[in-house]
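J.: Structure incoming, see below.
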Amino acid sequence: MVRGERRKRPPGRTRVVRVNFVFVEPAFPANQRRFVRALAEVGATVIGVGESPQEHLDDELRSWMRGYYRVANVTDETQLDAAVAWAQERLWVDRLESTIESHQLTAAAVRERRGIPGTSVRTTWLCRDKPSMKQALREAGVPTAASTAASTPDEVRAFAAATGYPLVLKPRAGAGAQGTVRVGSDAELEAAMVAFGDAGSIAVEEFVEGHEGFYDTIAHDGHVVHDWATHYYPNVLEAMRERWISPQFLTTNRIDTAPFYGEVRELGAKVIAALGITTSATHMEWFLGEKGLRFSEIGCRPPGVGAWDLYSAANDVDVYREWAHVLVHGAPDRALSRRCAAGIVALRPEADGVVHGYSGVDEVRARYGEWLLDEHLPHPGTPTQPVEAGYMANAWMRLRHPDYDALRGMLDDVGRTVRVHAG
């Protein structure tokens with residue numbers, strides 16, 4: 001057989017009901033192993049493709065995989081294609097999956113080249129390129145902010161003149177709030193354009209005022225089979241800029257009972273249909289303000305920042321296993337209990353430098369011990385990370401409670417009480 005040619009089934013041979021996966025980057029970051037474990041547990045055969053030497057993978061991770069192919073760069077299409085060709089010479093490959101934003105487009109391109117079902121290049125591009133995404137959604141009747149792709153300063157200035165301030169400028173394919181700048185005047189716009197430098201083309205958007213949250217799903221054949229609604233306090237752009245804030249996000253257990261979440265679900269279904277999403281996890285941001293519910297952006301992948309850990313704890317399921325079960329068997333394994341709300345509070349160091357110690361930790365453990373899921377308190381001497389590095393970059397605590405409002409109060413109290421001494 002020619003190397004790289006997809007293996008054909010011999011005529012008349014019945015296919016064994018076993019789903020074979022190539023999974024991109026099973027070892028890094030650390031929670032990637034949870035996807036591999038879940039696939040193996042529900043009966044999939046997994047071939048890993050990653051950048052780590054195989055001998056650096058631990059025995060447990062290796063036990064979940066049938067094989068492993070090392071590449072220098074998983075985002076290099078030629079290298080990933082060679083890895084998938086290697087796998088196809090050894091077994092029928094049913095799916096090629098990646099769960100990290102920066103891997104999505106490469107995986108989609110190789111998927112199409114190798115004739116493997118899954119999220120298309122077009123859908124992946126629309127989920128990564130913000131101006132194209134929003135144009136497609138506006139054409140489908142989804143309410144979203146005015147936006148454009150701008151390649152020159154004059155194009156940015158023209159959009160600002162037509163739309164007005166405030167605006168946000170961001171990388172076209174960025175994730176979350178990374179690289180996002182809010183501007184409220186001509187002077188701020190000029191400074192921001194200098195900061196973007198040689199970025200080429202950037203996304204420029206109307207800044208939507210309102211409360212920010214996200215809606216996450218696992219979809220099968222374009223239909224949502226599991227979903228969660230989650231709220232930011234405060235909104236992400238503010239949270240990633242202000243050291244004094246101990247920001248939170250909370251997933252609600254009221255999604256099946258509060259009318260507002262019916263609107264969120266309708267919005268999500270429209271977005272999934274308009275972008276051609278079939279079987280995948282999704283992560284969708286939204287705003288609620290004076291103009292009503294507005295779509296912000298979507299990733300055709302699982303959320304980051306440990307959100308699935310919170311969903312698992314709140315709903316008495318293993319969400320990683322649910323994802324795997326949907327991909328392998330075409331349906332979820334267990335219903336979500338909606339028993340609890342769950343959330344995380346980020347605890348910022350009082351200054352950059354190294355961690356010196358903590359105060360208030362024993363107090364909140366005593367008050368909320370039965371509701372405390374886990375915590376991350378880096379040892380004294382650990383270098384701090386910048387505020388903009390995110391919710392889990394430094395110290396944090398995660399809690400759950402049957403009452404959403406009570407949980408909000410608990411997280412507020414943790415944020416006020418615990419201090420991370422550093423400098």
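The values are calculated or read from the model by the stated rules, or taken from the named source; none is laboratory data. All of these numbers come straight from a predicted model, not from anything done at the bench. Heads up, the Cβs are rebuilt from the backbone with ideal geometry, glycines too, and the neighbour counts pull from every protein chain shown.
J.: Could you give every pair whose Cβ atoms fall below 7 Å, whose first residue belongs to the stretch 104-130 and is under 20 Å from E89 (Cβ atoms), and whose second residue is in a loop (DSSP other than H, G, I, E, B), counting only separations of at least 6 or pairs across chains?
T.: Pairs found: A107/S98; R111/G118; E112/S120; R114/R6; G115/R6; I116/V93.
J.: Within the stretch 70-84, how many residues are surrounded by fewer than 19 Cβ atoms within 10 Å (Cβ to Cβ) and touching a residue at least 12 places away in the same chain (Cβ under 8 Å)?
T.: 9
J.: May I pose another question? Report, ordered by the first and then the second residue, all pairs with beta carbons closer than 7 Å, sequence separation of six or more or different chains, a first member in the stretch 137-152 that is closer than 21 Å to V264 by Cβ and at pLDDT 85 or above, and a second member that is outside any helix (DSSP H, G or I) and charged (D, E, K, R).
T.: Qualifying pairs under 7 Å: P143/R294; T144/R294.
J.: Let me ask something additional. I need a count of the residues in the stretch 137-160 that are in a helix (DSSP H, G or I) and either assigned by TED's automatic domain parsing to the domain that holds V328 or buried (at least 18 other Cβ atoms within 10 Å of the Cβ) (or both).
T.: Going through the stretch 137-160 one residue at a time, the tally reaches 4.
J.: Would you confirm, using the coordinates I've provided, whether T119 is modelled with pLDDT of 95 or more, of a type in the set (S, T, Y) and surrounded by fewer than 23 Cβ atoms within 10 Å (Cβ to Cβ)?
T.: Against the criterion (modelled with pLDDT of 95 or more, of a type in the set (S, T, Y) and surrounded by fewer than 23 Cβ atoms within 10 Å (Cβ to Cβ)), T119 does not qualify.
J.: Condition check: in contact (Cβ under 8 Å) with a residue 60 or more places away in the chain and either outside the structural domain of A324 (by TED's automatic domain parsing) or surrounded by fewer than 16 Cβ atoms within 10 Å (Cβ to Cβ) (or both). Does E190 satisfy that? If you could, list the steps in order and put the result at the bottom.
T.: On the way: in contact (Cβ under 8 Å) with a residue 60 or more places away in the chain: no; either outside the structural domain of A324 (by TED's automatic domain parsing) or surrounded by fewer than 16 Cβ atoms within 10 Å (Cβ to Cβ) (or both): yes.
No: the conditions fail for E190.
J.: I'd like the residue in the stretch 266-289 that is within 17 Å of H226 (Cα to Cα) and of a type in the set (A, V, I, L, M) and, out of all such residues, is surrounded by the fewest Cβ atoms within 10 Å (Cβ to Cβ).
T.: Residues of the stretch 266-289 within 17 Å of H226 (Cα to Cα): 266-273, 277-285.
After this cut, where a residue has to be of a type in the set (A, V, I, L, M) as well, the list is 267, 269, 271-273, 277, 281, 284.
Values: L267: 20, A269: 16, V271: 25, I272: 22, A273: 13, I277: 23, A281: 24, M284: 24.
Looking at residues that are within 17 Å of H226 (Cα to Cα) and of a type in the set (A, V, I, L, M), I get A273.
J.: I'd like to know if the stretch 317-333 contains one or more residues that are small (G, A, S) and part of a helix (DSSP H, G or I).
T.: yes
J.: Something else about it: With respect to the numbered conditions (1) within 30 Å of A82 (Cα to Cα); (2) surrounded by fewer than 20 Cβ atoms within 10 Å (Cβ to Cβ), which one is the sole condition not fulfilled by G164?
T.: Unmet for G164, out of (1) within 30 Å of A82 (Cα to Cα); (2) surrounded by fewer than 20 Cβ atoms within 10 Å (Cβ to Cβ): (1).
J.: I'd like the full set of residues that are within 25 Å of the chain's Cα centre (by Cα) and in a loop (DSSP other than H, G, I, E, B), limited to the stretch 94-125.
T.: Step one: list which residues in the stretch 94-125 are within 25 Å of the chain's Cα centre (by Cα), which gives 94-112, 116-125.
Scanning the stretch 94-125 gives D94, S98, T99, I100, I116, P117, G118, T119, S120.
J.: Exactly one of these conditions fails for E212: (1) over 27 Å from Y165 (Cα atoms); (2) assigned to a strand (DSSP E or B); (3) touching a residue at least 40 places away in the same chain (Cβ under 8 Å); (4) of a type outside the set (S, T, N, Q). Give me its number.
T.: (1)
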